[in-house]
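S.K.: Below is one structure. I have some questions about it.
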Amino acid sequence: EFIAQYPVENRSDSRLLYLQRKTGKIEHHHFRNIIDLLRSDDVLVVNKTRVIPARLLGNKTTGARVEIFLLNQLTEDTWECLVKPGRKLSAGTQVIISDSLNAVIGERCESGNREVIFSWQGNFWQNLETSGNMPLPPYIRREAVEKDKETYQTIYAQDKGSVAAPTAGLHFTSELLDKIRAKGIDLVEVILHVGLGTFRPVQTDNITDHTMHRELCRIDPASAELINRAKKTGRRIIAVGTTTTRTLESFTEEGILTSGEQWTELFIHPGKKFQMIDGLLTNFHMPESTLLMLVSAFAGYENTMNAYRTAVAEKYRFFSYGDAMLIL
């Protein structure tokens, strides 16, 4: 009953649970007051990926309903997709999505998903904006509405490619970011395109046997240089979200952050050491998820479980559209 089905009206009116790593002490705030918990020399690192309206509904030429869920762009017109009803869609099946967007179901990918070849009139991304629905997570038990195209997107989202939002960043407003910059805090952008695997629970008895999903991430040279310089002078690097954390830790070797682009399969769980981040801003995550394990690795298992018990007792709102937790 605590799983948020809709966002709060004003993004920064969300609640914020503040957890101190060393002592385990917990404080309760509103997100708009995060500025009081940050130092003037902190560095906030955000993921500027943009969620695409990845869920397309169409019809076969027979009239039968088809759902296509975009996962990864393979070429200009071909995507790796989930399709329903999968077994009934043979290669070559034509799907009409709109007057200006059509698809042909292709062969199976190595992952078991399907290649789908699109054809369109005008601009592909414009067609997607018009015909696609936002890919809300399965625990939001409602159909996506037009407003989700705005609310399930961070205000700094730029580079298209995610099928889930980096939700820790959903709480920031332009006004709050202006105040943060005015305090002297540096805001640095990286990219990790969030995949559907982010919602996949760990199902192995031993968590180290879990196969992590691959996600594309990128850090530009200027961002890497600023973060390295800040780290060297003792400034705190605070990751906004688990996706930002995985990006920073994936690009760090022997305490130095490199720039570039790579597919990461990094699975951070208790026992793993963090090389780059000193703080983490995150939402509350599902049990048995790799995201909860990352938080436990950073905050400590007992601290994390206590914070979640407290959040439940205090009736915090959970998951993507829910409240946030700051761990310092």
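S.K.: In a loop (DSSP other than H, G, I, E, B) and open to solvent by less than 10 Å² (accessible area, probe 1.4 Å): which single residue out of 164, 157 fits that description?
M.R.: Numbers: 157 fails: open to solvent by less than 10 Å² (accessible area, probe 1.4 Å).
164 is the lone residue from the list that is in a loop (DSSP other than H, G, I, E, B) and open to solvent by less than 10 Å² (accessible area, probe 1.4 Å).
S.K.: Something else about it: Report the residue count in region 1-51 for those that are part of a loop (DSSP other than H, G, I, E, B) and closer than 25 Å to residue 183 by Cα. Give the steps one after another, and end with the answer.
M.R.: Restricting attention to region 1-51, the residues satisfying the condition of being part of a loop (DSSP other than H, G, I, E, B) are 1-2, 4-10, 14, 20-25, 38-42, 48.
Add one more test, that the residue is closer than 25 Å to residue 183 by Cα, and what stays is 10, 14, 20-21, 38-42, 48.
Looking only at that region, the number is 10.
S.K.: Take residue 72 and decide whether it is within 23 Å of the chain's Cα centre (by Cα), modelled with pLDDT under 95 and more than 21 Å from residue 285 (Cβ to Cβ). Talk me through it step by step, then tell me what you get.
M.R.: Details: within 23 Å of the chain's Cα centre (by Cα): yes; modelled with pLDDT under 95: yes; more than 21 Å from residue 285 (Cβ to Cβ): yes.
Criteria met by residue 72.
S.K.: Would you check which residues across region 283-328 are more than 18 Å from residue 213 (Cβ to Cβ) and charged (D, E, K, R) and list them?
M.R.: Answer for region 283-328, where residues must be more than 18 Å from residue 213 (Cβ to Cβ) and charged (D, E, K, R): 302, 309, 314, 315, 317, 323.
S.K.: Please work out if residue 87 is open to solvent by 50 Å² or more (accessible area, probe 1.4 Å), free of Cβ contacts under 8 Å to residues at least 24 places away in the same chain, touching a Leu at 6+ places or on another chain (Cβ under 8 Å) and not acidic (Asp, Glu). Before the answer, list the steps.
M.R.: Numbers: open to solvent by 50 Å² or more (accessible area, probe 1.4 Å): yes; free of Cβ contacts under 8 Å to residues at least 24 places away in the same chain: yes; touching a Leu at 6+ places or on another chain (Cβ under 8 Å): no; not acidic (Asp, Glu): yes.
Answer is no for this residue.
S.K.: Ok, one more. Would you point out the residue of region 175-202, among those that are closer than 27 Å to residue 229 by Cβ and without any contact (Cβ under 8 Å) to a residue 40 or more places away in the chain, that is most open to solvent (accessible area, probe 1.4 Å)?
M.R.: Restricting attention to region 175-202, the residues satisfying the condition of being closer than 27 Å to residue 229 by Cβ are 176-193.
Next, only the ones that are without any contact (Cβ under 8 Å) to a residue 40 or more places away in the chain stay: 177-178, 181-182.
Working: 177: 11, 178: 94, 181: 121, 182: 88 Å².
Selected residue: 181.
S.K.: Right, something else. Restricting to region 6-52, name every residue that is within 19 Å of the chain's Cα centre (by Cα) and exposed (fewer than 14 other Cβ atoms within 10 Å of the Cβ).
M.R.: 6
S.K.: Name the single residue, out of those in region 216-252 being more than 17 Å from residue 193 (Cβ to Cβ) and among the aliphatic types (A, V, I, L, M), that is most open to solvent (accessible area, probe 1.4 Å).
M.R.: For region 216-252, the residue satisfying everything is 222.
S.K.: Could you look through region 283-328, keep only residues that are β-branched (Val, Ile, Thr) and more than 21 Å from the chain's Cα centre (by Cα), and pick out the one that is nearest to residue 6 (Cα to Cα)? Reasoning before the result, please.
M.R.: First, pick out the residues of region 283-328 that are β-branched (Val, Ile, Thr): 290, 295, 304, 310, 312, 327.
Still in the list and also more than 21 Å from the chain's Cα centre (by Cα): 310, 312.
Values: 310: 22, 312: 18 Å.
Filtering region 283-328 for residues that are β-branched (Val, Ile, Thr) and more than 21 Å from the chain's Cα centre (by Cα), the one nearest to residue 6 (Cα to Cα) comes out as 312.
S.K.: Of all the residues that make up region 277-301, how many are of a type in the set (S, T, N, Q) and touching a strand residue (DSSP E or B) at 6+ places or on another chain (Cβ under 7 Å)?
M.R.: 2
S.K.: Please identify the pairs in which a residue from region 218-239 that is over 17 Å from residue 261 (Cα atoms) has its Cβ atom under 8 Å from the Cβ atom of a residue that is assigned to a helix (DSSP H, G or I), counting only partners at least 6 apart or on another chain.
M.R.: 237/227; 237/230; 237/231; 237/248; 239/245; 239/248
S.K.: Specify the residue that is farthest from residue 138 (Cα to Cα); the eligible residues are those in region 54-72 that are in contact with a strand residue (DSSP E or B) (Cβ under 8 Å, 6 or more places away or on another chain) and surrounded by fewer than 18 Cβ atoms within 10 Å (Cβ to Cβ).
M.R.: In the first step, residues of region 54-72 are kept if they are in contact with a strand residue (DSSP E or B) (Cβ under 8 Å, 6 or more places away or on another chain); the result is 54-61, 65-72.
Now narrow it down to the ones that are surrounded by fewer than 18 Cβ atoms within 10 Å (Cβ to Cβ): 57, 59-61, 65, 67.
On the way: 57: 17, 59: 23, 60: 25, 61: 29, 65: 20, 67: 15 Å.
Among those that are in contact with a strand residue (DSSP E or B) (Cβ under 8 Å, 6 or more places away or on another chain) and surrounded by fewer than 18 Cβ atoms within 10 Å (Cβ to Cβ), it is 61.
S.K.: Looking at 93, 78, which is the one that is farther than 29 Å from residue 201 by Cβ, hydroxyl-bearing (Ser, Thr, Tyr), modelled with pLDDT of 95 or more and in contact with an Asp or Glu (Cβ under 6 Å, 6 or more places away or on another chain)?
M.R.: On the way: 93 fails: in contact with an Asp or Glu (Cβ under 6 Å, 6 or more places away or on another chain).
Answer to the check: 78.
S.K.: I would also like to ask the following. Does any residue of region 273-282 turn out to be open to solvent by less than 20 Å² (accessible area, probe 1.4 Å), over 18 Å from the mean Cα position of the chain (by Cα) and either without any contact (Cβ under 8 Å) to a residue 24 or more places away in the chain or within 27 Å of residue 209 (Cβ to Cβ) (or both)? Give the derivation first.
M.R.: So the first thing to find is which residues in region 273-282 are open to solvent by less than 20 Å² (accessible area, probe 1.4 Å), and the list is 276-277, 279-282.
Restricting the remaining residues to those that are over 18 Å from the mean Cα position of the chain (by Cα) gives 276.
Then drop every residue that is not either without any contact (Cβ under 8 Å) to a residue 24 or more places away in the chain or within 27 Å of residue 209 (Cβ to Cβ) (or both), which leaves 276.
Within region 273-282, one or more residues are open to solvent by less than 20 Å² (accessible area, probe 1.4 Å), over 18 Å from the mean Cα position of the chain (by Cα) and either without any contact (Cβ under 8 Å) to a residue 24 or more places away in the chain or within 27 Å of residue 209 (Cβ to Cβ) (or both).
S.K.: Here's another thing I want to ask about it. Across region 92-145, which residue is nearest to residue 198 (Cα to Cα) among those that are open to solvent by less than 40 Å² (accessible area, probe 1.4 Å) and of a type in the set (S, T, N, Q)?
M.R.: So, considering only residues that are open to solvent by less than 40 Å² (accessible area, probe 1.4 Å) and of a type in the set (S, T, N, Q), the one nearest to residue 198 (Cα to Cα) is 113.
The values are calculated or read from the model by the stated rules, or taken from the named source; none is laboratory data. This is a predicted model, so every value here is computed, not measured. Neighbour counts run over all protein chains shown; Cβ positions are idealised from the backbone, glycine included. When the accessible area is computed, the model is the full protein with side chains, heavy atoms only, and any ligands, DNA or RNA have been set aside. Shrake-Rupley method; radii C 1.70, N 1.55, O 1.52, S 1.80 Å.
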